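**Q** Just passing along the structure, written as structure tokens.
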């Protein structure tokens with residue numbers, strides 16, 4: 001084992017030393033070196049994998065790159081998940097980490113670089129495929145970058161730090177991590193440029209790859225001496241530790257470094273959320289301050305923590321209130337006041353007062369047709385009905401011919417007519433004639449009124465004055481011309497003034513019997529009149545009642 | 001003729017103003033008649049007028065007994081003559097609209113189609129009046145799809161504005177051979193579910209576009225109202241076999257109508273009074289059942 005390890009380490013070392021262009025041409029020597037190196041790395045990691053199907057990586061010449069890669073993959077998958085679990089555990093309970101790693105911040109910078117290298121390797125790893133040489137290439141690249149980083153050179157053709165910062169800023173804006181970063185930035189470079197890297201790593205840290213650790217392993221191995229003072233016995237050999245204590249300290253340390261890296265970041269993020277400006281502002285670039293923060297956090301009671309959270313929330317809400325509202329909250333907004341096409345992104349919903357038009361499905365048509373068929377079978381249609389209007393002309397009187405011989409002779413008929421003409425015999429007019437006369441009279445009057453209304457130039461008919469006899473002028477006056485001075489009273493004869501019979505008595509002269517007689521006669525007359533009236537009314541009643549029934 | 005129209009209009013307005021009083025009188029007469037029939041004494045409030053009213057009751061017959069409502073006065077004499085309809089479109093119609101109007105010409109018996117050209121509405125109404133048309137129908141469109149129909153009854157009659165939806169024309173459905181020609185017999189009408197007053201009014205407007213059919217006519221036109229959307233269907237049926245076996249064959253276009261305005265005047269009278277307008281701005285307009293149910 002020792003021989004292989006040295007051989008493997010040497011192979012790895014030699015791989016790193018080769019120039020990159022050498023990798024472009026396939027050379028069997030490089031391939032062999034790569035195989036030994038991978039085998040070495042595999043065995044290094046084997047203790048950590050709980051169930052690894054292979055004791056060692058089978059890298060004979062017969063195996064091609066794809067098979068070797070599969071073996072590595074088989075081993076590394078469970079490893080990754082276990083590491084992730086660990087990291088989550090530590091994330092939930094940072095205090096445990098504190099107990100485990102009392103290492104201060106001094107190691108922080110180195111591990112960050114290391115982590116950065118790991119990140120780079122990861123990125124490349126994700127893209128590249130099965131070439132063994134790639135693994136080593138990545139490590140080389142990472143190492144080179146670290147060397148450059150140490151030199152302080154930021155402009156690298158593969159990696160532009162400022163670009164990465166910008167990109168991460170944008171991404172963090174999407175995930176809402178901007179505040180955290182701003183807070184962290186405010187610390188004034190406490191964590192330096194590596195802050196963004198840390199946050200970026202925080203997302204990626206869970207995907208710790210085998211190579212990450214490998215890189216760390218190797219690089220950390222080189223820096224071991226500088227950090228020797230800060231490593232304590234208690235970090236490794238405490239009772240709470242869950243790791244296997246027989247693991248190599250080098251490896252353990254690196255694993256812990258990675259873990260510590262995570263927790264510090266989580267710590268920082270926690271601090272950033274809670275205390276943010278207060279605590280961080282006070283801190284300097286000192287290890288002690290970090291530990292101070294940790295202790296402060298420990299000393300806060302639940303109530304105080306609650307208060308801190310509330311304060312943070314209040315500040316956030318106040319900040320939002322001070323800002324201008326979003327356009328969706330601004331009441332009436334025209335197109336000029338909102339960003340272009342922003343209404344398309346919003347989910348607008350309002351109540352519409354209109355019934356939506358009916359969708360004509362098969363069922364609807366079926367129902368209508370059923371209705372139609374029902375109506376047809378009933379014969380019940382809503383057609384236009386022809387209305388019989390009133391006849392405009394009066395119906396012609398049909399004269400009926402009486403077939404029977406008249407009883408009266410012809411001579412008699414002529415005699416009757418002559419008598420009627422001369423007026424000797426006043427025949428009682430028949431009932432219908434009377435009615436006809438009345439009707440014609442009424443109609444004449446009506447026509448007169450209508451004519452008056454409807455003609456623009458109405459000329460009323462000349463009034464035919466009836467000959468009427470003035471009764472209060474005595475007969476003699478007709479023949480003689482009375483002098484003007486004669487009054488009316490003188491004109492009339494007494495008989496013409498008063499026509500009465502018998503003794504005329506005044507009221508005062510009447511005797512009792514006379515008075516009684518007069519009263520009796522008055523009553524008789526009144527009774528007679530009433531009787532007539534009553535006789536009329538019942539007749540009318542019965543008539544109309546009969547009509548009502550007929551109707 | 002103008003003067004006659006003006007006089008008729010004035011008479012109509014006068015009668016409308018008298019309507020209230022006439023209704024009261026009618027009510028009184030009705031009460032008296034009822035009392036007489038039942039043999040009960042006449043109600044006390046009518047004793048004074050009893051004699052005069054009784055005379056009038058005697059002279060009335062069925063037609064005059066019922067008080068005339070002025071609402072359908074425009075159609076009072078409509079049944080005396082067959083309706084004569086003129087169909088036109090809006091300005092510059094597209095080809096699908098022209099097809100649709102052609103189809104409508106077959107739907108309404110006694111109808112004529114006229115090209116719109118550049119005529120103004122007042123000109124069209126003048127020609128209609130002079131040629132003794134009874135109804136004028138205008139069809140409007142939106143990008144080829146007919147979307148609006150205006151039915152105007154001509155001697156000063158009401159104008160109904162409908163929106164057309166879900167049009168399926170004969171041209172869309174089938175080719176010519178399958179369709180055959182449309183029967184031109186006077187059709188029977190089915191007007192279903194027009195139960196409110198406004199529904200009755202719409203029903204008379206639609207009804208009087210068609211003449212009086214023969215009882216054995218095999219052509220049926222249906223206006224079925226469902227929640228204020230009137231479905232128009234045109235069928236021809238035959239009774240094959242015994243009773244109760246009726247085969248319906250759908251013929252002609254099919255569309256939905258939605259009434260949104262009725263004006264008490266012809267189309268060219270812009271200042272005519274609105275008899276009814278669809279209230280779309282009210283909060284309860286969703287719940288309203290204007291034409292039926």
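**Q** Tell me yes or no: at least one residue of the range B:169-187 is within 14 Å of another protein chain (Cβ to nearest Cβ), out of contact with any helix residue (DSSP H, G or I) (no Cβ under 7 Å at 6 or more places or on another chain) and assigned to a helix (DSSP H, G or I).
**A** Yes, the range B:169-187 contains a residue that is within 14 Å of another protein chain (Cβ to nearest Cβ), out of contact with any helix residue (DSSP H, G or I) (no Cβ under 7 Å at 6 or more places or on another chain) and assigned to a helix (DSSP H, G or I).
**Q** Of all residues in the range B:213-237, count the ones that are out of contact with any helix residue (DSSP H, G or I) (no Cβ under 7 Å at 6 or more places or on another chain) and at the interface with chain A (Cβ under 8 Å from one of its Cβ atoms).
**A** So the answer is 5.
**Q** Of the residues that make up the range B:44-57, is at least one under 21 Å from residue B:197 (Cβ atoms) and in contact with a helix residue (DSSP H, G or I) (Cβ under 9 Å, 6 or more places away or on another chain)?
**A** no
**Q** Hey, does the range B:238-249 have a residue that's more than 7 Å from every other protein chain (Cβ to nearest Cβ), touching a helix residue (DSSP H, G or I) at 6+ places or on another chain (Cβ under 7 Å), modelled with pLDDT under 90 and in a loop (DSSP other than H, G, I, E, B)?
**A** No: zero hits.
**Q** Hey, can you tell me all the residues within the range A:366-401 that are more than 8 Å from chain B (Cβ to nearest Cβ), surrounded by 10 or more Cβ atoms within 10 Å (Cβ to Cβ) and not in a loop (DSSP other than H, G, I, E, B)?
**A** Hits for the range A:366-401 are A:366, A:367, A:370, A:374.
**Q** Within the bounds of the range B:156-164, is there any residue that is within 12 Å of chain A (Cβ to nearest Cβ), touching a helix residue (DSSP H, G or I) at 6+ places or on another chain (Cβ under 7 Å) and touching a residue at least 60 places away in the same chain (Cβ under 8 Å)?
**A** No, there is no match, as no residue in the range B:156-164 is within 12 Å of chain A (Cβ to nearest Cβ), touching a helix residue (DSSP H, G or I) at 6+ places or on another chain (Cβ under 7 Å) and touching a residue at least 60 places away in the same chain (Cβ under 8 Å).
**Q** Here's something else I'd like to know. Which of (1) within 14 Å of another protein chain (Cβ to nearest Cβ); (2) exposed (fewer than 15 other Cβ atoms within 10 Å of the Cβ); (3) out of contact with any helix residue (DSSP H, G or I) (no Cβ under 9 Å at 6 or more places or on another chain); (4) assigned to a loop (DSSP other than H, G, I, E, B) does residue B:109 not meet, given it meets every other one?
**A** (2)
**Q** Can you tell which of B:209, B:257, B:270 is more than 10 Å from every other protein chain (Cβ to nearest Cβ) and part of a loop (DSSP other than H, G, I, E, B)?
**A** B:270
**Q** Kindly provide the set of residues from the range B:262-282 that are in contact with a helix residue (DSSP H, G or I) (Cβ under 6 Å, 6 or more places away or on another chain) and surrounded by fewer than 16 Cβ atoms within 10 Å (Cβ to Cβ), ordered by number.
**A** B:279 - this is the single residue of the range B:262-282 that is in contact with a helix residue (DSSP H, G or I) (Cβ under 6 Å, 6 or more places away or on another chain) and surrounded by fewer than 16 Cβ atoms within 10 Å (Cβ to Cβ).
**Q** With respect to the numbered conditions (1) over 26 Å from residue A:93 (Cα atoms); (2) modelled with pLDDT under 90, which one is the sole condition not fulfilled by residue A:291?
**A** Unmet condition: (1).
**Q** If you don't mind, there's one more thing I want to ask. So, of the residues in the range B:273-288 that are within 10 Å of chain A (Cβ to nearest Cβ) and within 22 Å of residue B:158 (Cα to Cα), which turns out to be modelled with the lowest pLDDT?
**A** That would be B:280.
**Q** For residue B:54, state whether it is within 14 Å of chain A (Cβ to nearest Cβ), part of a helix (DSSP H, G or I), more than 21 Å from residue B:255 (Cα to Cα) and more than 28 Å from the chain's Cα centre (by Cα).
**A** So residue B:54 passes the test.
**Q** For the range A:334-365, name all the residues that are under 20 Å from the mean Cα position of the chain (by Cα), at the interface with chain B (Cβ under 8 Å from one of its Cβ atoms) and modelled with pLDDT of 85 or more.
**A** Residue satisfying the conditions is A:357 alone.
**Q** Now for a different question. Check residue B:289 against each of (1) assigned to a loop (DSSP other than H, G, I, E, B); (2) assigned by the TED database to the domain that holds residue B:162 and name the one condition it does not meet.
**A** (2)
**Q** Let me ask something else about it. Looking at (1) outside any helix (DSSP H, G or I); (2) under 28 Å from the mean Cα position of the chain (by Cα); (3) not assigned by the TED database to the domain that holds residue B:210, which is the only condition residue B:5 fails?
**A** Failing condition for residue B:5: (1).
**Q** Right, another one. Suppose the filter is over 23 Å from residue A:95 (Cα atoms) and in contact with a helix residue (DSSP H, G or I) (Cβ under 9 Å, 6 or more places away or on another chain); does residue A:317 pass it?
**A** Judged against the criteria, residue A:317 is not a match.
The values are calculated or read from the model by the stated rules, or taken from the named source; none is laboratory data. Predicted, not measured: the structure shown is a model, and the values here were computed from it. A quick note on method: Cβ atoms are made from the backbone with ideal geometry, for glycine too, and the neighbour counts reach across all protein chains shown.
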